[in-house]
Ligand code: F6R
């Protein structure tokens, strides 16, 4: 949540920062602002989208070569010009942008108020900038020293970047819990919450770690820890192309990312699935195979869509590996004093690799002695680095706020893990192993086949765009798909939607059914098919409208449902990878038909870096 960008170097900072903020808008988009160094520091900030900053027509935007910018997802204080970042200290000496939450800002604010400080905003950030200033004044210390002292007293998560009057050639950044990447150029440096604002200028990057301070000038980056000890920066090469973060002719990132899936799944399988030799290579699992094969149980922690991927993995791992699996919301796990320790494997699933609750859940399990395995999309992200081992999903950058291609890539990695561990444990036969590999190899083509039906799904969307509520039902492997379908619809279209295991319907939700309630069944051919048919009949008997995701050649449900979305047949283990695609497309078109901004739904942010 919240995106920050900064530039220091030789070109005009404003266009670099403005473009960077637009790329980071997925992290928050209720207000934004930029501060530039001219003779003195000038700040322009506005409620609304980043495009509002284009109204800044002062001369400074073409001349300043140093600046900081921010796009906000409100935590403390409503979206407004005053609450937008950057924030400036009472003396006007320090200007700061912040991503994260300062949890003890209330007590710090009280202290400062007693000393006579005044505040223009309701934010924790304005407290922080004044807290640093106060330390600087009282201790007569440098900004760097004051930041070190202040950050030791601060509770919470942050990335901050600070500019100081009188030091036009220096930015100081610090991080704990929220992400920060530094792009290394020739005589210029770029700072951002992720690499997307940096990629078109340089591929050399440094990921700043927790409790590190970066002192940055056009020609130098000095990294130190909070104890003032120098740290040698580790420069990495970005494995990302500009085209991956642009819309490529699609109306929305969400649609592009849905259509990316045959390619992203191929990338996910590349170098891992070898059909010639019938091998599956997952280095992160192989290197720790004994940990997995001897695991007493596996705990999966994640949030949102990634949690749904975890639920599918529970079915996969228990079926193929006979290891007990628990799937937990990271936000609950971290606070509920869980029984976890040596012998447990904790799999953390995250697209961004920065979700605050998932990060803390990992820390907690790690401290208790569990082995941590990260299934992460964002390379070099905090969760990837905190894990003992892991497997990247290689879905490429996902910019639309609703997760689509990241979900299917997560499922693919988790399926590969289950197949690999199952073979090692001999809980699946060689014949089953070979069959699963063959099925996996066909997945990208099958996804492509579903995408080719998108026009007919658009027609289905037209019938339901005005619905007020929706029910999604599925069984077995398709139950988590029902949850995911409901989540996608509500976040994109703001239609109230609930997902349930189809058999649970009779324990409550059936009371909702009448002629106005669309009920979407994930009803592909699997072991539960006949049961699902009965559930559909029960809905039809109560005049509910039925939409069904069905397998090719299924005439029975086609004859019962009001509308169908057809997918190729696939082994039930991998069914979610295929059956989720029509629900993604349906949500997309319903959101578009309702005139909504599907890439940036209200109140949401792509990367939830606050708890
Ligand atoms: C829904 C969605 C969210 C994320 C959740 C976890 O479309 O995108 O529910 O899945 O915020 O995010 P990650 O996977 O980045 O940890």
| remark: Using eta = 1.567 mPa s and T = 4 °C, Stokes-Einstein with Kirkwood Rh from Cα pairs puts D for the chain, in µm² s⁻¹, at 51 µm²/s
| query | What list do you get for 63, 583 if you sort them by fewest beta carbons within 10 Å? | reply | 63, 583
| For a label point 7 angstrom out from the Cα of residue 337 toward its Cβ, which stretches of the range 362-376 have the backbone nitrogen within less than 17 Å? | 364-365, 368
| At what distance in angstrom do the alpha carbon centres of the range 33-104 and the range 530-567 lie from each other? | 53 Å
| message | Rounded to the nearest 5, what % of DSSP beta bridges with both residues in the range 248-420 are antiparallel? | response | 10 percent
| said: For Cα pairs less than 8 Å apart in space and 6+ apart in sequence, what is the mean separation divided by the residue count of the chain, i.e. the relative contact order in percent? | reply: 12 percent
| request: Calculate, in nm to one decimal, what residue 442 and residue 139 gain on full extension: separation in residues at 0.36 nm each, minus their alpha carbon distance. | output: 102.5 nm
| Which residues in the range 296-317 have a backbone N closer than 15 Å to a point placed 7 Å from the Cα of residue 368 along the Cα-to-Cβ line? | 296-302
| At what distance in angstrom do the alpha carbon centres of the range 266-327 and the range 338-371 lie from each other? | 15 Å
| remark: Summing -39500 (n - 2.57) over every DSSP H run of at least 4 in the chain, dividing by its residue total and rounding to the nearest 500, the 222 nm mean residue ellipticity is -11000 deg cm²/dmol
| query | What does a probe at residue 537 reach in the range 514-530, counting residues whose amide N is under 14 Å from the point 7 Å along Cα→Cβ? | reply | 529-530
| request: Going by C-beta contacts inside 10 Å, put 593, 21 in order with the fewest on the left. | output: 593, 21
| query | Taking only Cα atoms, what is the 0 to 90° angle, nearest 10, from helix 479-493's long axis to the longest principal axis of the chain? | reply | 50 degrees
| field | Potential lengthening between residue 278 and residue 434 on full extension [0.36 nm per residue; Cα-Cα distance subtracted] | value | 55.5 nm
| said: Report the gain in length on full extension from residue 494 to residue 319: 0.36 nm times residue separation, minus Cα-Cα distance, nm rounded to one decimal. | reply: 59.4 nm
| field | For the chain, share of DSSP beta bridges that run antiparallel, in % to the nearest 5 | value | 60 percent
| field | residue 270/residue 120 FRET efficiency (R0 41 Å; Cβ-Cβ; nearest 0.05) | value | 0.20
| task | Report, to the nearest 10°, how far helix 356-367 tilts away from the longest principal axis of the Cα atoms in the chain, using its own Cα long axis and a range of 0 to 90°. | result | 90 degrees
| Quick one: if you stick a label point 7 Å off each Cα along the C-beta vector at residue 81 and residue 165, how many nm between them? | 2.1 nm
| task | Could you work out how far helix 430-451 tilts from the main Cα principal axis of the chain, as a 0 to 90 degree angle to the nearest 10? | result | 70 degrees
| So for 481, 181, 567, fewest C-beta neighbours within 10 Å to most, what's the order? | 181, 567, 481
| query | When the Cα centres of the range 118-135 and the range 147-166 are compared, how far apart do they sit, in Å? | reply | 11 Å
| said: Over the range 95-160, what is the relative contact order in percent, taking alpha-carbon pairs closer than 8 angstrom and at least six residues apart? | reply: 51 percent
| said: For the pair residue 453/residue 91, report the inter-label distance in nm, with labels modelled 7 Å from Cα in the Cβ direction. | reply: 6.8 nm
| request: Before anything else, pin down the relative contact order of the range 222-355: Cα pairs under 8 Å, at least 6 apart, normalised by residue count, whole percent. | output: 20 percent
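Rule-based calculations on the coordinates, nothing more; no lab input. All of these numbers come straight from a predicted model, not from anything done at the bench. Heads up, the Cβs are rebuilt from the backbone with ideal geometry, glycines too, and the neighbour counts pull from every protein chain shown.
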